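*Asks:* Shown below is the structure under consideration.
The values are calculated or read from the model by the stated rules, or taken from the named source; none is laboratory data. Note that the coordinates shown come from a computational prediction; the quantities given were computed from them, not determined experimentally. Here the Cβ positions follow ideal geometry from the backbone for every residue, glycine too, while neighbour counts run over all protein chains shown.
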Amino acid sequence: MFSWKKFLKILGTIFLIAFLAFFEISFISLLPAPFNHFSLFLPVIFFISIVVSYRQALWLGFLEGIILNIFSVFPFGSISLSIIISLVVVNFLLNNFFTNKSLYSLIILGILGNLIYLFNLILIKFIFFLFGIGGNDVSEALSPFVLSESLWQNAFNILMLILFFYIFNFWGKKIKALFL
Amino acid sequence: MQSRIFNKLGLVLIFLLLILVILRYSGVLSPIEGLFLKALNPIGTSIYGLEQKIKGIWAKEISREDYEKIKEENNRLIVENIKLNILKEENEELRGILNFTKPDQYKFLTAEILGRDPIFLNYFILNKGSDDGIKDGFPIVSPNGVLVGKIIKTEKKISTMIVPTDTNFETAVSVFGQSDNHTSGLVRGERGLGIKMEFIRQGENINKDDLVATSGLEFNMPKGLVVGRIVEVEKEDKVIFGTATVSPLVSYENLSMVMVILPQF
């Protein structure tokens, strides 16, 4: 049966996915370094996974990855696959180790999720390099320049996660806040 | 139990992804992708335009010293332009005498920049694709004719260009300087930070501020597209080839509109 609430929820999700994708491609990536290393969709997806719903985060990550992949030279499916794998690992760690949903666990899971996502991309790049279809050698992928980009990305993502945490804590009661 | 169900969703999504990959590479998804891009490209262009306007607000004002340097360079270019015009007239006169007509080998297609690849930040996305005649390897110039990249990936409605500072960019070039011998070499990007010219034979007379332009030896790459200016020449003893550092003439980050060079043949 048709429900306006469900319809609006789906519409809101589509809008969020499109906004995150275009904000990433047409705004953030064109900012001067190091600000162009920031990835808005990653902290959003990790936050939703940890605090709101793992299921929703998986679908969001899947669809977001597909849209980003259309605009990327990366092999189609790689970005979605990297996001899904990092979400699965983050969820596993959340359910078995970082169960208290505090700010610290959010930050650590965000860092680990981001690193797993980046590692997946480097691995996929290397696999394609081995098969001679572009990609990068490991030495290029793990160069100090690339690693410094990863550090900046982690730093920005942590800031966003902290921001989301306090905003959500202010408006909702689902998470337990622990001050630094 | 709950986490096992959710991990099943992860596997289902990976399986769904695999199906989508197969459908995409077999071309089944192309019409849907085309419609999707047609609908969303204007949004990307608008956001990019907004970003450029914001950048413009924060741009520093030019200093007096910089102004004088630009004025001096402008004067030098005016003189050079006059000499070139003279050469052009002589060239046309000679062609007329020889009844030689050179057909236009290339045409230019204007494209707007939508944004950057979310993973490879040295790759820019253009709002024109194979439907407009673009193919991989086609060169791209800025509105004032400086080489700013090459097409690296083409879809129906969009294409991706790589800038000269990226590691995967390379093209055959010649040096246009004080010497009449145009030294040949190869330019390659350096991890997004700069451009290096390699395979410069030892003993070649190249100097700082010499212009580097395409030599026309590469397929679909016209001759004479300026890549940059030499800032440093590195020569080592007991080495066959030297290298030089090339500085681009334009800032690739400030590009909003480019021209793709399409061969006519």
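This table checks each residue for (1) away from chain B (no Cβ under 14 Å); (2) acidic (Asp, Glu); (3) without any contact (Cβ under 8 Å) to a residue 60 or more places away in the chain; (4) in contact with a Ser or Thr (Cβ under 8 Å, 6 or more places away or on another chain).
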| residue | (1), (2), (3), (4) |
| --- | --- |
| A:Pro75 | no, no, yes, no |
| A:Ser80 | no, no, yes, no |
| A:Ile84 | no, no, yes, no |
| A:Leu87 | no, no, yes, yes |
| A:Phe92 | no, no, yes, yes |
| A:Asn95 | no, no, yes, yes |
| A:Asn100 | yes, no, no, no |
| A:Gly110 | yes, no, no, no |
| A:Leu115 | yes, no, yes, yes |
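*Asks:* Which one of these is modelled with pLDDT under 90, part of a helix (DSSP H, G or I), exposed (fewer than 13 other Cβ atoms within 10 Å of the Cβ) and away from every other protein chain (no Cβ under 11 Å): A:Leu106, A:Leu163, A:Leu180?
*Replies:* Every option except A:Leu163 fails the conditions.
*Asks:* Right, something else. Could you say whether any residue in region A:38-48 is modelled with pLDDT under 85 and under 14 Å from the mean Cα position of the chain (by Cα)?
*Replies:* yes
*Asks:* Which condition does A:Ser82 not pass, out of (1) farther than 18 Å from B:Phe15 by Cα; (2) of a type outside the set (Phe, Trp, Tyr); (3) part of a helix (DSSP H, G or I), if it passes all the others?
*Replies:* Among (1) farther than 18 Å from B:Phe15 by Cα; (2) of a type outside the set (Phe, Trp, Tyr); (3) part of a helix (DSSP H, G or I), the lone unmet condition for A:Ser82 is (1).
*Asks:* Are there any pairs, at least 6 apart or on different chains, whose C-beta atoms fall under 7 Å, with the first in region B:109-123 and surrounded by 22 or more Cβ atoms within 10 Å (Cβ to Cβ) and the second outside any loop (DSSP other than H, G, I, E, B) and among the acidic types (Asp, Glu), and if so, which?
*Replies:* B:Pro118/A:Glu24
*Asks:* Sticking with this structure for a sec: Name the helices (runs of 4 or more DSSP H) wholly within region A:1-79 that hold at least 1 residues that are in contact with a Pro (Cβ under 8 Å, 6 or more places away or on another chain)?
*Replies:* Because the criterion is at least 1 residues that are in contact with a Pro (Cβ under 8 Å, 6 or more places away or on another chain), the helices (runs of 4 or more DSSP H) in region A:1-79 that meet it are A:4-26, A:54-70.
*Asks:* Could you tell me which of the residues B:Leu98, B:Leu186 is at pLDDT 90 or above and over 24 Å from A:Ser26 (Cα atoms)?
*Replies:* None of the other options fit; the residue is B:Leu186.
*Asks:* Every residue in region A:40-73 that is surrounded by fewer than 21 Cβ atoms within 10 Å (Cβ to Cβ) and among the small types (Gly, Ala, Ser), please.
*Replies:* A:Ser53
*Asks:* Can you pull out the strands (runs of 3 or more DSSP E) entirely within region B:137-214 that have at least 2 residues that are within 13 Å of chain A (Cβ to nearest Cβ)?
*Replies:* Ranges flagged: B:147-154, B:159-162, B:184-190.
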